[in-house]
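The values are calculated or read from the model by the stated rules, or taken from the named source; none is laboratory data. Quick caveat: nothing in here was measured; it's all calculated off a predicted structure. Neighbour counts run over all protein chains shown; Cβ positions are idealised from the backbone, glycine included. In case anyone asks, the SASA skips ligands and DNA or RNA and just uses the protein heavy atoms, side chains included. Shrake-Rupley method; radii C 1.70, N 1.55, O 1.52, S 1.80 Å.
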Amino acid sequence: MPFKAPHVSFVSFAVEVLPAGITQVMIVETSLHLNPKHSSYNRSAVETLISAAQKYASANIEGPASIRLVSTQSMEI
């Protein structure tokens, strides 16, 4: 089942291999600004996206997992 949420343009998955073990990584590209100091930062929309991604990951990814949000907006800093 694909992950779909507002402000999401692309989702991919990766595997991170560390000495402590293997972690599945869900990479979510979003049109939201992720820098809280940016004038267009929308805390509510970011928190909603994080919550939706966490629910999806817990229901669909087995084992240790992490979520990485990547903004497609320029001028983040």
**Prompt:** Of the accessible area of the chain, with the probe set at 1.4 angstrom, what percent is carbon plus sulfur?
**Reply:** 56
**Item:** For the chain: relative contact order, % (alpha-carbon pairs under 8 angstrom, 6 or more apart)
**Value:** 35
**Rounded if a/c under 1.5, otherwise prolate or oblate - segment 8-71, Cα gyration tensor axes** = prolate
**Antiparallel DSSP beta bridges within the chain, as percent of all bridges there, nearest 5** = 60
**Asked** Per residue, how much accessible area does the chain have with a 1.4 Å probe, in Å²?
**Response** 69
**Message:** Could you tell me the calculated FRET efficiency between Lys37 and Ser9, based on Cβ-Cβ distance and R0 = 30 angstrom, to the nearest 0.05?
**Reply:** 0.85
**Complete:** Once the dipole of the chain is set up from charges on Cβ (+1 Lys and Arg, -1 Asp and Glu), the residue from the list Ile22, Pro36, Ser12 lying farthest towards its positive end is Pro36
